[in-house]
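Heads up, the thing below is written out as structure tokens.
The values are calculated or read from the model by the stated rules, or taken from the named source; none is laboratory data. If you're wondering where the values come from, they're calculated on a predicted model, not measured in any experiment. With ideal geometry, Cβ positions are generated from the backbone for all residues, glycine too; neighbour counts draw on all protein chains shown.
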Amino acid sequence: MFDSLKNVLALVDADYADIRYEVRKTNQVAYSRDELTHISADSTDGFVLRVLKNGGFSSVVFTRPDDAAAAAAKAMENARLLAQRQDKPVRLASVEPVVATFSPTLVEDPRLISIEEKQELVRAYNAIPLKHDKIVTTMTGYTDIIREKYFLSTEGAQIHEDLVTSLFGCSITAKDGTLTQGLVVLGGGSDGFQTVRGLEASIERYTGLAIDLLNAEPVHGGVYNCVLNPSMTGVFTHEAFGHFSEADIIERLPAMRKKMYLGSKLGSDVLNIVDDATIEHEVGFYRFDDEGVPVRRVQLIKDGVLTGRLHSRKTAAEFNEPVSGHMIAEDHRYAPIIRMGTIYIEPGEFSQEDLFERLGDGIYLVDKKGGQTAGENFSFGAMYGWEIKNGKKGRLLRDLNISGNLYQTLADISHIGNDLEFSKRGGCGKGQINHRSCMGGPHVLIKNLVVGGAS
Amino acid sequence: MKLHNDNSLEALLALARAHADQVEIRKVVTNTSSVSFSDAHLDEIKTSIRQKIFLRLLRDGKQGSAVTCNLIDMNEFVKHALHSLEGGVEAPFDLPLTRDLPNLATYEASVESLSNEAMVEESERVCEYLSKNTSGEIGTQAGRHISHMRLLNSQGTDLSTDTTAYHLWLSSGYPGGASGVGRLLMSKDFQPLADEVLETIATRYNQGDTIVKPKDGLMQVLFTPGTMLTLLWRLSIATSGFSVYRKTSPLLGRIGEKIISDKLTIYNDPHDDTLPDAETFDNEGVPTRKLILFENGVLRNFYYDLKYAAKCKAQSTGNGDGSGPVLNHMRIEPGEHSIEQLIAGMERGLVLEGAMGAHSGNLNNGDYSIGVTPAYYVENGKVVGRVKDAMAAGNVYETLSHVAGISRERGLAHMNYGGGLGHVPAVLCDNVSVTIKQ
């Protein structure tokens, strides 16, 4: 494979070029209600060529090997145009070229498990909620994605890395009259098929909750103090803060860039945030990014102070900060962009009971349900929650969406729990889907969150 | 662009036909280039030249599918689809024989020669205007798209279509907020951006220099075309044959019933070729047609693909994308007043320019709860300033039952992450619950 990639790189006359060829193999099984809706085993492939010439840095994606010459010519043309019209030339931070082959250690390799066995497991999971009358439908799916990546650069980097991801989701919908309520059970991971086994009890529990939500009260809109469970802490860390530790976003927002200099005090003293894609067995784990740089742990916030950022070679040079190995593509359809690996708030000292007690009156927000950011504003939902009165769980609540301002909210994190949990599957959609975006943290207490809802 | 009309698809059809009752093959070849500016500076130029081939086999009422980018080994590709077929996904329908479709104007040859340089120049003009007339952080993306699609099946259907598109997204964002005033425009060929659009963006942006914190509660909300996505998304889920089959649609069994305001007529019109991506057939080869979803507020139709039509004992409405029913050409009948006239008639409320979190919440139920990015507060017909840290929440059926006005201008609303566009007016609704952090 590398020989044919060398031939493509030989077609460009550039200061730097790299090419990634990737085969993406997927196995998918999906059920909805009592019916199998999809089953397939597919293999697709393609190339991503990136070229730097006179400070112009461009990428071309192509699928047919026959299009290599046209793609190389287009990449050069785009790079030349960028060099002419950009206000400043792109530089790439220097790195030691890596020559390596890496395959992850898998507990139970999904490639060795038949699609029939995968189908049977999904069928059995899907049947659990359907035993209950109030459950009107389900969508239960398993997907494994195997990325076989071959990366070659004109600097001499030559890396073959395989990434094996298992993804599971079971969405459960309960209905009463015209009211529907839904919950999703998620599973999966980066180290094998065993990550999607043994989910029966979770599915059973969420089925009961979905039915209970039919009688839950919609939250009243207002400003509340809230305790977030680890899933919610994860999505808050990822959405509200994490995206602004991605240097390709900050680079283009001068006002935020000015505010988010290393050393600036962004959060309360108790706040520590890390991105660490080197934690094996978590879904965010990988060894090399899609520009051939080894990933490293980055302390993003220490004692409330901004201490690090996630970089590409381009942004590391632009910010004059060290490379971090965070350039990730979804697959062969895309050039890489900066992505979080495994981002989390480091645990503190409080038990869950302590946090409820300190909360007094407020809302306990449980399990993420979508999220989005727009600059310093963020918004995300919780699948469900509880009203907390005098530190005790009260009524079950539904329709929970919160929004807030990044800086204000980081400063409003007042207490951090002593537990730590990570998400089992990704799905961040910053232009491309990152199936391995991993996020987590402990329970945390945040003051003054805006919760949308009826007046 | 080369049409890639090689004979390999016929060979693949013949090979697959030996193993199945019916066979469908769809090949899509795309060539796109885009030019992005960030903070009013040229940032990225990207090109993508791709193809994808989809294969579907039907045998004994079951279906199997496979997808690939390169037809390197036809036998292996068919084997993948056969393996999928063994799984037993139901397919209680026949593939259609479709021919003699009307001609739509979907292709403009001039896009083939639209250079990246020309898009850089247009973007520079836009950035220069917005930099001069607003204090915002300016972002743009211009792109050209050329695609060729061929669909053939064993019933004798052999259809192809060539499509071109040009898009320009532009935005002036409030510093630090990344919320701002933006527009997405699409056309079949390159169209220089009209000055009025630039002027509208600048005017609205500058109305937001003052931050206000009005008292929250129930108030009017003007959903601009871009933010209508929040409401249309929920309607598109509720009217899908998939939701009908799964019994999750709150509109189940309510055809003929008045659901929303009689001011609203909402339909899907794939034959509207004034915009890109008009189509005479869907991804299953079924002819498309204009389909009314709500006529003066009354629910008229659900939309179906082949499979869910068969399951619900209905007919495909030509809305199949290969994996389920989709709505890609939503329209709302425009009203008589301009957006500015609607604002002038507002006593107290918000003009919602950006919505965050349109995808979260109980979509089946029609509930929404969105952050404003941004919204403008209107009092006695005048925009008095910009609102931050606020959420608007409600239920789409409730909200659209209280329509106070519909604009005559229409704009684009992205329907979902997978693409698909609505071209819709702004809609002014009464009594939306708004929470504002004081």
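Across segment B:12-34, the qualifying residues are those that are in contact with a Ser or Thr (Cβ under 6 Å, 6 or more places away or on another chain) and within 14 Å of another protein chain (Cβ to nearest Cβ), and the one among them that is surrounded by the most Cβ atoms within 10 Å (Cβ to Cβ) is B:Ser33.
Of all the numbered requirements in (1) within 14 Å of chain A (Cβ to nearest Cβ); (2) more than 29 Å from A:Ile433 (Cα to Cα), B:Asp389 misses one, and that requirement is (2). Would you say B:Thr161 is among the polar types (S, T, N, Q) and at pLDDT 95 or above? Taking the combined requirement at face value, the residue satisfies it.
Every residue, every condition in (1) more than 19 Å from the chain's Cα centre (by Cα); (2) within 30 Å of A:Val8 (Cα to Cα); (3) in the same structural domain as A:Ile279 (by TED's automatic domain parsing), yes or no:
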position	(1), (2), (3)
A:Leu152	yes, yes, no
A:Gln158	yes, yes, no
A:Thr165	no, yes, no
A:Gly169	no, no, no
A:Ala174	yes, no, no
A:Thr180	yes, no, no
A:Val184	no, no, no
A:Ala201	yes, no, no
A:Tyr206	yes, no, no
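For every residue, the table says whether it meets (1) away from chain B (no Cβ under 14 Å); (2) among the aliphatic types (A, V, I, L, M); (3) touching a strand residue (DSSP E or B) at 6+ places or on another chain (Cβ under 7 Å).
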{"site": "A:Leu82", "(1), (2), (3)": "no, yes, yes"}
{"site": "A:Pro97", "(1), (2), (3)": "yes, no, yes"}
{"site": "A:Ala100", "(1), (2), (3)": "yes, yes, yes"}
{"site": "A:Arg111", "(1), (2), (3)": "yes, no, yes"}
{"site": "A:Glu120", "(1), (2), (3)": "no, no, no"}
{"site": "A:Lys131", "(1), (2), (3)": "yes, no, no"}
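Within segment B:216-251, restricting attention to residues that are touching a Ser or Thr at 6+ places or on another chain (Cβ under 6 Å) and small (Gly, Ala, Ser), the residue that is farthest from A:Met139 (Cα to Cα) is B:Gly217.
Across segment A:416-431, the number of residues qualifying as touching a residue at least 12 places away in the same chain (Cβ under 8 Å) and either surrounded by fewer than 21 Cβ atoms within 10 Å (Cβ to Cβ) or not in a strand (DSSP E or B) (or both) comes to 11. Residues that are closer than 26 Å to B:Tyr205 by Cβ, among the hydroxyl-bearing types (Ser, Thr, Tyr) and not in a strand (DSSP E or B) within segment B:347-374 comprise just one, B:Thr373. Within segment B:204-237, the set of residues being over 27 Å from the mean Cα position of the chain (by Cα) and not acidic (Asp, Glu) comprises B:Asn206, B:Gln207, B:Gly208, B:Thr210, B:Ile211, B:Val212, B:Lys213, B:Pro214, B:Lys215, B:Gly217, B:Leu218, B:Met219. In segment B:67-90, is there at least one residue being within 7 Å of chain A (Cβ to nearest Cβ), under 28 Å from the mean Cα position of the chain (by Cα) and part of a strand (DSSP E or B)? Within segment B:67-90, one or more residues are within 7 Å of chain A (Cβ to nearest Cβ), under 28 Å from the mean Cα position of the chain (by Cα) and part of a strand (DSSP E or B). Restricting attention to segment A:32-69, the residues that are at negative phi and more than 7 Å from chain B (Cβ to nearest Cβ) add up to 14.
I want to confirm something. Restricting to segment A:392-413 and keeping residues that are surrounded by fewer than 16 Cβ atoms within 10 Å (Cβ to Cβ) and more than 24 Å from A:Thr173 (Cα to Cα), which single residue is nearest to the other protein chains (Cβ to nearest Cβ)? So the residue we want is A:Gln408.
Are any of the residues in segment B:167-184 in contact with a Cys (Cβ under 9 Å, 6 or more places away or on another chain), touching a residue at least 24 places away in the same chain (Cβ under 8 Å) and more than 30 Å from B:His19 (Cα to Cα)? Yes, segment B:167-184 contains at least one residue that is in contact with a Cys (Cβ under 9 Å, 6 or more places away or on another chain), touching a residue at least 24 places away in the same chain (Cβ under 8 Å) and more than 30 Å from B:His19 (Cα to Cα).
Based on what the data block shows, is A:Leu449 within 14 Å of chain B (Cβ to nearest Cβ), touching a Cys at 6+ places or on another chain (Cβ under 6 Å) and part of a strand (DSSP E or B)? Against the criterion (within 14 Å of chain B (Cβ to nearest Cβ), touching a Cys at 6+ places or on another chain (Cβ under 6 Å) and part of a strand (DSSP E or B)), A:Leu449 qualifies.
Only one entry in B:Pro425, B:Pro374 is under 18 Å from B:Leu184 (Cα atoms), assigned by TED's automatic domain parsing to the domain that holds B:Thr265 and within 17 Å of the chain's Cα centre (by Cα), namely B:Pro425.
Of a type outside the set (A, V, I, L, M, F, W, C), in contact with a Gly (Cβ under 6 Å, 6 or more places away or on another chain) and either crowded, with 16+ Cβ neighbours inside 10 Å or assigned to a loop (DSSP other than H, G, I, E, B) (or both), is that true of A:Pro129? Spelling it out, it is not the case that A:Pro129 is of a type outside the set (A, V, I, L, M, F, W, C), in contact with a Gly (Cβ under 6 Å, 6 or more places away or on another chain) and either crowded, with 16+ Cβ neighbours inside 10 Å or assigned to a loop (DSSP other than H, G, I, E, B) (or both). Annotation: of all residues in segment A:369-391 being modelled with pLDDT of 95 or more and small (Gly, Ala, Ser), the one that is surrounded by the most Cβ atoms within 10 Å (Cβ to Cβ) is A:Gly385.
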